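For reference, the structure is listed below as structure tokens.
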Amino acid sequence: MKNIYFTVGPTQLYPKVPAFIRQAIRDEVMSKSHRGGWFQKLFSDLTTSLRELLNIPASHHIFFVSSGTESMERSIENTVIKNSFHFVNGAFSKRFYKTAKELGKSPQQIEVPPGQSFDFQKVVIPKNTETICFTHNETSTGVMLPMQKIYSIKKEHPDKLVAVDVVSSIPYVDIDYKKIDIVFFSVQKGFGLSAGLGVIIVSPQAYKKSEFISKKGFSTGSYHSFSELAKYATRNETPETPNVFDMFLLYQVTKDMHKQGIKKIRKSIEKRALKIEGFIEKSKRFSYLVKNKAERSKTIHVVRDKHENKNLMAFLKQKHIIVSSGYGELKNTYTRIACFPAHTDAQVRLLISHLKVYLNN
């Protein structure tokens, strides 16, 4: 019996990926050159498909890199000479902050305890801030920030750039890209693919800042600076040999999502999330880390068993359902359950039925 992966990334393969992989093998995708007409068409088709699916403006660049983590580095290196400001509410938003420090910048942060969001009205953004950094959906804690609050921060500070990590909320989150400057994600969560591909969406304002930094003599990265990525993108190529296989699969997945309709996909995620949430809240043994429902992620459910979380994970594994442990300091006390487009209604019903059995044991 095959496992069902409710892990938070990598996660369950998008249902049609096995067929897409067979197609890739038939078409010899993994052996074809990343220079020339075939790849240029794939690059063009993929960027067009992403623009249409996610409503990305033609004014914004789309760059392909190796991961979401690399995207943090590219975002800082290309838009910050010295000062960034970070909203930290978990391990991955902390990683964004640490990346800036490791690059020799002078980042500042506001940090809240795990499971909590921010009182945005009380946050003071330092005047010398160049880029404000958010993790929209914190994978370690299951806190989802309201995009309207992020837009408001940008509106209040139009001279500053805003970068947003949407690794674990895309394509569920509906983004107005004209209201922020950098958005990035990887493909092993919301798109149900193997890891190894990241996507960065860059506004004209952010791109100009990168050019300014470069002209001032500061490093913006080597072959993955925004200018280098843009130079190759104009001819539908990447600077290096990219993950052509994942790019091919991402194109196929986005095409299939088009057929379903992005609104329908988002409603389906909300529907499944509500089923999981309803069951957890009614149980006497389970509880959410995030107490405020308005701040609770629809795609990452971080749950505690009053008994032993390891027993819950072991029980589910016996039933061929694989979930994620808590992350970092929450590893032994919480369980994380994903709810991505790759998961089906039937799989969520099966998960809940096994949870019911577990509670009755």
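Brief remarks on what is shown
- Whole-number Å³ per residue for the convex hull built on Cα positions in segment 102-200: 121
- Taking N as its residue count, the alpha carbon Rg of segment 17-259 over 2.2 N^0.38 Å: 1.00
- Share of Cα-Cα pairs in segment 209-361 lying beyond 20 Å, as whole percent: 63
- Amide H contacts of S168 (H built 1.01 Å from N, under 5 Å, at least 5 apart or other chain): N137
- Summing +1 for each Lys or Arg and -1 for each Asp or Glu among the other residues whose beta-carbon sits under 14 angstrom from that of K155 gives +1.
- Given charges at Cβ of Lys, Arg, Asp, Glu: the chain dipole, positive-most of I125, H343, I201: H343
- For the chain, the dipole from Cβ point charges (+1 on Lys and Arg, -1 on Asp and Glu) about the Cα centre works out to 980 debye, to the nearest 20.
- Given K160/K271; K32/K267; K105/K291; K189/K215; K101/K208; K122/K154, the pairs whose alpha carbons are separated by over 27 Å: K160/K271; K32/K267; K105/K291; K189/K215
- Principal semi-axes in Å for segment 76-122 [√(5λ), Cα gyration tensor, largest first]: 21, 12, 7
- Pairs exceeding a 24 Å alpha-carbon distance, out of K155/K259; K293/K331; K98/K209; K16/K149; K127/K149; K16/K178: K155/K259; K16/K149; K16/K178.
- Ranked by how many other beta carbons lie within 10 Å on average, peptides 228-237, 23-32, 143-152 from highest: 143-152, 228-237, 23-32
- Residue-wise HN-Hα coupling along segment 80-89, computed from phi with Karplus coefficients 6.51, -1.76, 1.60 (Hz; x: Gly, Pro): 10, 7, 9, 10, 10, 10, 10, 8, 10, 9
- Cα-based radius of gyration for segment 1-147, normalised by 2.2 N^0.38 Å, reads 1.33.
- Residue-averaged 222 nm ellipticity for the chain, from DSSP H runs of 4+ at -39500 (n - 2.57), nearest 500: -13000 deg cm²/dmol
- Under a 5 Å amide H cut-off, with hydrogens placed 1.01 Å from N, N83 pairs with S106, E130 among residues at least 5 apart or on other chains.
- Nearby aspartates and glutamates by direct alpha-carbon distance to K264 (threshold 18 angstrom, same-chain neighbours under 8 apart not counted): E52, D174, D256, D345
- Shown here for segment 65-128: trypsin sites (Lys or Arg not before Pro) in loop regions (DSSP other than H, G, I, E, B) with at most 16 other Cβ atoms within 10 Å, namely K82, K127.
Computed from the coordinates by the stated procedures, all read-outs in this text should not be read as laboratory data. What you are looking at is a predicted structure, and each value in this text was computed from that prediction instead of being measured. In this analysis, Cβ positions are derived from the backbone assuming ideal geometry, glycine residues included, and neighbour counts consider all displayed protein chains.
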